[in-house]
1. Calculated FRET efficiency, residue 148 and residue 460, Cβ-Cβ r, R0 41 Å, to nearest 0.05?
2. As an exercise, use a Förster radius of 56 Å and the Cβ-Cβ distance of residue 472 and residue 75 to find the FRET efficiency, rounded to the nearest 0.05.
3. Largest first and in whole Å, what are the equivalent-ellipsoid semi-axes of the stretch 216-257 based on the Cα gyration tensor, each being the root of 5 times an eigenvalue?
4. Label-point separation (nm) for residue 559 and residue 112, each offset 7 Å from Cα along Cα-to-Cβ?
5. Mind jotting down the three principal axis lengths of the stretch 77-177 based on Cα atoms? Whole angstrom, largest first.
6. Determine the gain in length on full extension of the stretch residue 551-residue 102; use 0.36 nm per residue of separation and subtract their C-alpha separation, reporting nm with one decimal.
7. Work out the FRET efficiency for residue 503 and residue 616 from their Cβ-Cβ distance, taking R0 = 41 Å, and round it to the nearest 0.05.
8. Checking a compactness column here: for the stretch 385-436, what do you get for Rg(Cα) / (2.2 N^0.38 Å), N being the number of residues?
């Protein structure tokens, strides 16, 4: 064997020994049991809850480090031995709002999570139920986003919790702002001061359960939060129910103080006064009762024209109405236009559009002419009112990043016209004022968005093409049309009754307040109590029509064809009343005419006469009704019996007539038969010569010759 061959054999032997030795060293490790990481539960949820608590800066510019803070909470029963927080970036810009939602909808276990940008490890294990706050810094040169004028906008951001493998994940957005001017979207916010359902003091109906008005105006209550939200920005528009303000002023000291604070906060900002009691427009539309809407609008206009129940005046516009939803139909829009509205705030995401380049304003055709429709953004509204509904792990940081990401997409659509969106907090929402304030500040400071008052939205000229409203849409827990009509009919009848008096205003004081109370949109949350309130309201309003009485009359025996029946009318009202009596026979043998109008003094009586004409002998039941001058019934009718015998009078008249006729005929005949003699009938005129005797009727021929 040569030297070279021996050398090669030696090297091969050494390598073989080394391999065997390495195998021996690694064999024990291969047989050791690895430490398992907690696995996903049966529902697919990972064992660690990740919440992004802060993103700094909110809008990232080139050359800045990105700092992300996150809270990791172990929700499993196993210890997380070596937890880490990893920041991942999705560097492809989403082009539509659907792309944003698609990124957020990706499951936590999905592979799409972005590229790893930076990470940090916790100081120790994470025990079951424990939490740890971690902060990850992504250096500017690791952000990896292009610095070009057209690359601004949102990018996907994820914080991943790992323990050798992924054990948790939350997605959000990083906002990238490059230099130069960018298009902007405008944002207007409506904050409602409405509800809760109330019962007028004069009705014997139990008040609805909590929360009460006194509770809602306390710190942390919904109405107190509304004022805090309004104070965060002068561009926030208050939507106020004047009936709520009146109820607050009539309440305790704390409640009245809230009403004063509301009036003070309203100064210098847009304020919308809803129709009195914030009536359910859909219920009114389905019952076709525009009269009740007119009453609500007039009550609000009267309240806002001066002070509301003696308090500070509330300057507000009354031509804006707010549909209750959840879907607005054409009938509701038509009713709003008939009720004098020029603007109708629709339900979120009504009349959808096929494009993201769409603002809040649209045109609604109605039978009374076009109406400006404002469509609130459902996603933005939910983010401010109830973000956990969209993301159970939502934090103020993720809400802010999501809002700005949505607005960045809308702003890019401004090439087709300025995009002005509307956020309308739900009537019963209880948002966090701090969250709303932080979001509005971020909107104002982002390069592609600004807040704006409601008047700016209404004054804009852009009109967006949207789908038409459905002709009719059912709504859950809406008041039935028959119940609405009961309220309308009771009110109309009471108004007609009051018009016969000299002081209708006193009699009608409080009627509209009573009738409108059960129509409040807030009563949708309690249909059974609302039905009881309707019954009580109708009974209370009907009771105002008591005070005028038509006294019963006895059986009338009429022997004359034309006569009068006398009725006694009693007035127990505090004011004089002008009335008529209308008698209606149930047979054609008797005819009547309405009485003349008679003024009955307060707490007095008057006699009213009705002309009656009998055309045949009969016994007939007559119904007498006390009415106004225009025929409106004022009291319960009374019935009586008339026994008419007009032939008695007619026979007597005929007998007398016959006797007179016979006497006349006899006289004429007697005169003709007796004739006239020369001595009785003729006379000579001797004073005039040549005269002849006058001819005598029945004279003798001799004398005539």
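What follows is calculated from the coordinates using simple rules that are stated; it is not laboratory data. Being a predicted model, the structure only gives us computed values, none of them experimental. Please note: Cβ atoms are built from the backbone with ideal geometry, for glycine as well, and neighbour counts cover all protein chains shown.
1. Efficiency for this residue pair is about 0.85.
2. Calculated value: 0.75.
3. The answer is 19, 13, 7 Å, longest axis first.
4. About 10.6 nm separates the two model spin labels.
5. 47, 29, 18
6. 153.8 nm
7. Numbers: r = 46 Å, r/R0 = 1.12.
For R0 = 41 Å, the calculated efficiency reads 0.35.
8. The stretch 385-436 yields a ratio of 1.32.
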